[in-house]
Every structure is written in structure tokens, then in C-alpha cells.
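Just below is one structure, and these are the notes that go with it.
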Amino acid sequence: MDILNFEIIDSAYAWLISHGLKIVGILAAAYILKKFGFAFIGRLVRKIAGKSGLLLSLEAEKQREDTLIKVFNTTLGVALWVVAGMMILSELGINIGPLLAAAGVAGLAFGFGGQYLIRDVISGLFIIFENQYRVGDVLCAAGKCGLVEDINLRLTVLRDLDGTVHNIPNGEIHVASNLTKNYSRVNLNIGVAYDSDLEKVIEVVNKVGKELAEDPKWKEHILKAPEFLRVDDFGDSAIIIKILGDTKPIQQWGVMGELRKRLKIAFDKEGIVIPFPQRVFHQAKNG
């Protein structure tokens, strides 16, 4: 009996020396690689993102970098522990060949079934990395427009003016139109009667835009005073003029509403007519 116990202890000791130490080494190597990998990814992402040329606040830039680092770290961590797990199973005497074959079949099935998910994740990664838009921006994408309430690797969530929430898979976003990145623009067309004095119209428009930009209530929202740009078109019943100005992000609609109100009051005061659509009928003369 003592001989049997000695053989068991000797076998266990031999196994620990030959395989146990290897398992400990595998776990230690995976842990060390994970630590060094995370540190390397953090430095690399912050270095590359810092040279992206994007004009972001420090908080927005840090949020973008942290999101990218989290994604890459999670991917690296999963890959390392899967490899380490396979190596440990091999050291335990388990044939991992069937497991690898099963994993290959499962991966193939997932590839066919999850191709749209993979496409969404890759698209989301590029959206975040390139800072195409972020939470708080007003976005038009996939036929929907609204305020970006959330963005992750799979989905972009928009809420429109009716309060409707649109969940858009990132892979469906082929063109993303950000209406509020860095700054927004007042882009207003307005019609005046053909008999209007254009020089007077230009003077009034520029005066109203300047007064609006200097108003204490509005000046913090305006980067460049709205002003006359050009005669944009000759309409059926009006000369169309274009007015442009710059505002802080997402403030253009409020500024345009106030500008329209002030222009209407100023035009009425100066006798400048904003005409209704008109039609001229010619009556045929009987010979």
C-alpha cells in the first residue's frame, strides 16, 4: 500500500514538473502579454488619435480614445485567453483537434449568420475612430434625421423632433450627414419684390444680422453675423437672396427663427415687400 501511495505521489510530482509548470507558465505568459498588450494599445491609440487632426475638446477626444482602447483591449484579451485555454487543455491531455474542428464549423456558421453583426461592429469602429459624429450631434443617416442619443459599436440611436427613437445599425449607414460638427450654419433664402431697391435690402439685411449678433441674448450662440451673400435666383414672383452666417453647433435653427422674425419687422418698417406668389393671365383678343 505504501508502495502504491509512493507511486501515485511520484506520478503526481512528475506530472506537476512536466505539465503543471507549463500550465503555470502559460497562465503567467498570458497575463504578462495581456498587461503589456493593453499598455501598448493604450499608447498607440492615443498617439495615432492625437495626430488625427480632428478639432475636439479634451473631454471629447479622451472619450473617443477610451472607447477605442476598450474595444481593442477586449479583443486582445479574448484572443489571449482562448489561445491559453487551448494550450492548457492540450497539457491536460485533452485532444483539442475535435475542439478546433468544431470551433471552425461554429465560426463558419457564425460567419454566415453573423455577417451583418460583424459589418455593424466594423462600421461602428470606424465611426468612433474617425469621430464622424458623437452623442449630442444632429445627424441624418439611413433616411432618418435626429439628435444622436447613443452610439456604440453596433447601433446609432437617433431621436427626431416628434420624439420618435430610431435605432440604426451602423452597417446601414453609408452616408452620415452631421449637421452640427464643430459649427453650424445659418443658410436662409428669402424673397423680395422685383421693384425693391436691392441696395436698401442688402443694407437692412446686414444691419439686422449685425444687431442680432450683438444682442446679449444671442451673441453667445453666433460665431459670424448673418449677412447678405448673393442674389440666388429670379423666382416667379420674387428676387431670391441668400443669407449666410455661422453659429455654434445645434444653434442654427433658433438663430434662423429669430432672424426671420427680425427681418419681417425690419422689412415692414422699411417698406420692403415679401411678395405672395403671383400669376399673370393674358386674355386672347378676338380678331
Local charge sum around residue 203 (other residues, Cβ-Cβ under 10 Å, Lys/Arg +1, Asp/Glu -1)? -1
Straight-distance crosslink candidates among lysines, where the alpha carbon sits under 26 Å from residue 269 and sequence neighbours closer than 8 are dropped: 200, 207, 210, 217, 219, 224, 242, 261
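Per-residue counts of other Cβ atoms within 10 Å, averaged by peptide: what ranking do you get for 35-43, 223-231, highest first?
Numbers: 35-43: 13.1, 223-231: 16.9.
Result, highest mean Cβ count within 10 Å first: 223-231, 35-43.
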Per-residue HN-Hα couplings for region 161-166 [Karplus 6.51, -1.76, 1.60; θ = phi - 60°; Hz; x = Gly/Pro]: 5, 7, x, 6, 9, 10
What distance in nm separates the simple spin-label points at residue 161 and residue 23, each placed 7 Å from Cα in the Cβ direction? 6.6 nm
Between residue 156 and residues 5 or more places away or on another chain, which pairs have amide H atoms under 5 Å apart, with H built 1.01 Å from N, and which residues are they? 168, 170
Under 28 Å Cα-Cα from residue 35, which lysines qualify once same-chain neighbours fewer than 8 residues away are excluded? 22, 47, 51, 62, 70
Summed over the other residues with a beta carbon less than 12 angstrom from that of residue 143, with K and R at +1 and D and E at -1, the charge totals -1
For region 128-145, Karplus-derived ³J(HN,Hα) couplings (6.51, -1.76, 1.60; θ = phi - 60°; whole Hz; x for glycine and proline) come out as 5, 5, 7, 6, 5, 7, 8, 4, x, 7, 9, 10, 10, 7, 6, x, 10, 10
Two pseudo-spin positions, 7 Å from Cα along C-beta at residue 86 and at residue 232, lie apart in nanometres by 6.1 nm
How much FRET efficiency would the formula 1/(1 + (r/R0)^6) give for residue 187 and residue 261, where r is the Cβ-Cβ distance and R0 is 22 Å, rounded to 0.05? 0.80
Residue 228 long-range amide H proximity, modeled H, under 5 Å: 206
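Sorted from fewest to most neighbouring beta carbons within 10 Å, what does the list 121, 78 look like?
Values: 121 17, 78 10.
With the sparsest Cβ surroundings first, the list reads 78, 121.
Relative to the present Cα-Cα distance, how much length would full extension add between residue 214 and residue 62 at 0.36 nm per residue of separation?
51.3 nm
Given N residues in region 133-178, what is its alpha carbon radius of gyration divided by 2.2 N^0.38 Å? Please list the in-between numbers first.
Working: Rg = 9.1 Å, N = 46, 2.2 N^0.38 = 9.4 Å.
It is 0.96.
With +1 on each Lys and Arg Cβ and -1 on each Asp and Glu Cβ, and nothing else charged, work out how big the dipole of region 133-178 is about its Cα centre, in Debye to the nearest 20.
On the way: 4 positive and 6 negative charges, 22 e Å.
Using Cβ point charges on Lys, Arg, Asp and Glu, region 133-178 gives about 100 debye.
Can you give the translational diffusion coefficient of region 184-270 in µm²/s, computed by Stokes-Einstein from the Kirkwood radius over Cα pairs at 25 °C and 0.890 mPa s? It would help to have the intermediate numbers written out before the result.
Working: Rh = 13.0 Å.
The calculation lands on 189 µm²/s.
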Spatially proximal aspartates and glutamates relative to residue 248 (Cα-Cα < 17 Å; intrachain offsets below 8 disregarded): 137, 214, 215, 220, 227, 258
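Since every read-out is calculated from the coordinates, none of them should be taken as a lab result. A quick note: this is a predicted structure, and the numbers were derived from the prediction, not measured. Note that each Cβ is placed from the backbone with ideal geometry, even for glycine, and that neighbours are counted across all protein chains shown.
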